[in-house]
Amino acid sequence: GELGRLEGAILTNWIYGKFDESILGAYGLDFGSRDPDAMVKVAVDNSKKLIYVKEEVYQNSLSTSQLAELIKARVNNELIIADSAATRTIQDLQGKGINIKAVEKGKIIDDIKMLHDWTLIIDESSSNLVRELNSWVWLDKKGEIPCDFENHLIDAMRYICKTIIKPFKKRTYNKILS
């Protein structure tokens, strides 16, 4: 029973693999209300252009306190980058001692293009993420508009990747110039 990919899936540059725990990780979080709260752990191997991704939370109907307890059980004060649309929830989680910051959103197409430059290694336990990757398609490919449906873990992955990969590019660029 492997899941099939829809024709035109946006992110096809992924394979199954074991999450590399030897690389320092960070987390991305997309909040849900009708949709699930979705959190992934990400580790980046810059030299091999690999992004390791592991699904950590994918659950509906959580209160902020319940979400905080789930996070504390999985995260040892590592950085979490979360959806900036939920400012109050981020503040509430910060008040519970969680190291969480809002993502600086930009154009989703820029995030997609950035992710296409890497190979995504998806932990085999990440069944909801695999389902999303296999079914996330373009609403309008020419207009570069992806469907905004069933992409909660993908959004969480984008949030943390755009945060930890972009500064690396700047540091590399500055080294080249000096």
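General observations
- About its Cα centre, the dipole of the range 1-82 is roughly 140 debye, where the only charges are +1 on Lys and Arg Cβ and -1 on Asp and Glu Cβ.
- Pairs of Cα atoms farther than 20 Å apart, the range 1-67, %: 47
- A 1.4 Å probe run over the protein chains yields, for the range 6-66, 50 Å² of accessible area per residue, whole-number rounding.
- In the range 52-163, a dipole from Cβ-located charges (positive for Lys and Arg, negative for Asp and Glu) runs towards its positive end, and of Q66, I112, Y52 it is Q66 whose Cα lies farthest in that direction.
- Using distinct alpha-carbon pairs, which all enter the 1/r mean, Kirkwood radius of the chain in Å: 16.7
- 10 Å-binned pair-distance histogram of the range 31-109 (Cα, whole percent): 16, 49, 28, 6
- For the set K142, K48, solvent exposure ranked by accessible area (probe 1.4 Å, protein chains only) runs largest to smallest as K142, K48.
- Taking all protein chains as they are arranged and a probe of 1.4 Å, the heavy atoms of S22 leave approximately 100 Å² accessible to solvent.
- Based on DSSP H segments of at least four residues, each scored -39500 (n - 2.57), the chain has a per-residue ellipticity at 222 nm of -11500 deg cm²/dmol.
- Highest mean packing first, where packing is the average number of other Cβ atoms within 10 Å per residue, the peptides 61-73, 78-90 line up as 78-90, 61-73.
The values are calculated or read from the model by the stated rules, or taken from the named source; none is laboratory data. In this text, all values refer to a predicted model and were calculated from it rather than measured experimentally. Please note: Cβ atoms are built from the backbone with ideal geometry, for glycine as well, and neighbour counts cover all protein chains shown. Just the protein is used for accessible areas: all its heavy atoms, side chains included, with ligands, DNA and RNA removed. Shrake-Rupley method; radii C 1.70, N 1.55, O 1.52, S 1.80 Å.
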